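Report on one structure; see the data block that follows.
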Amino acid sequence: MIVDLDNIFTPSASFLKAVGETAEKKIVTGIHSYKSIDKIRAEKKDIEQYVMDCANDLVDSIFMTIEQRPIMSIQPNDSIYDDGLSSMRIELVINSYTHSPAETGLHVKSFYGNNLGIGLFDGGSFYRQDWIKKSIESKTNILPNIHPSEFNLTGSGRNYGIENLYKYANFLEVDTTKGVLYLTVARDRFIRTIKSKNNS
């Protein structure tokens, strides 16, 4: 299934502001695309293992981009660390596969500004629902409204992934027209400055 990602990812001004776009600093972006359930089955791969590998690959790819490219003004005393992104991968990848159509792959767009931004599209109806939008943007527990039978993979976290988004994301927005989840992670969640002994 071919997806027009330029048409899918149309972030709002509020999201871009939360990422940190200014007249002086333009946001750099990246695309991370993963196979559909149908393709994974056709290749006779273990679905749950592939999905977990995708989740780890997304986090690794984002950190590698931050480390290797001069896009977030990393200073000599800055250190990359993980305070939340690995936890959020449960919802960003694993749970998204549970409510996406079998023929649709998973597509993630990363935005690098003063903060980190992520847009997620799985082709499903989950992020097209108004009550999901209201719940996520207000950081409300959605557990009472979802039954495990709605998922097409086993091992759903039963709200675990959503709770991690609420804990670690400082901005959450759902585009119900395109079915895209947008979030930002504050810079101090993954970049910290190591003080020298002379400045401690």
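Here are a few things to note about the model shown:
- Ignoring the sites themselves, the chain has its longest run without GluC sites (Glu not before Pro) in a DSSP loop having at most 16 other Cβ atoms within 10 Å at 104-200.
- Overall dimensions of the range 29-195 as given by Cα atoms, namely Rg and Dmax in Å: 16.0, 52
- Local electrostatic count, Leu120, Cβ distance below 9 Å [Lys/Arg +1, Asp/Glu -1]: -1
- From its DSSP helices (H runs of at least four residues, each -39,500 (n - 2.57)), the chain gives a residue-normalised ellipticity at 222 nm of -8500 deg cm²/dmol.
- Ignoring aspartates and glutamates fewer than eight residues from Lys17 along the same chain, the ones with Cα atoms less than 15 angstrom from its Cα are Glu173.
- Chymotrypsin sites (Phe, Trp or Tyr not before Pro) within the range 8-46, DSSP loop, no more than 11 other Cβ atoms inside 10 Å: none
Coordinate-derived values only; no laboratory data. Computed from a predicted model, the values in this text were never measured in an experiment. As a convention, Cβ positions derive from the backbone with ideal geometry for all residues, glycine included, and neighbour counts pool all protein chains shown.
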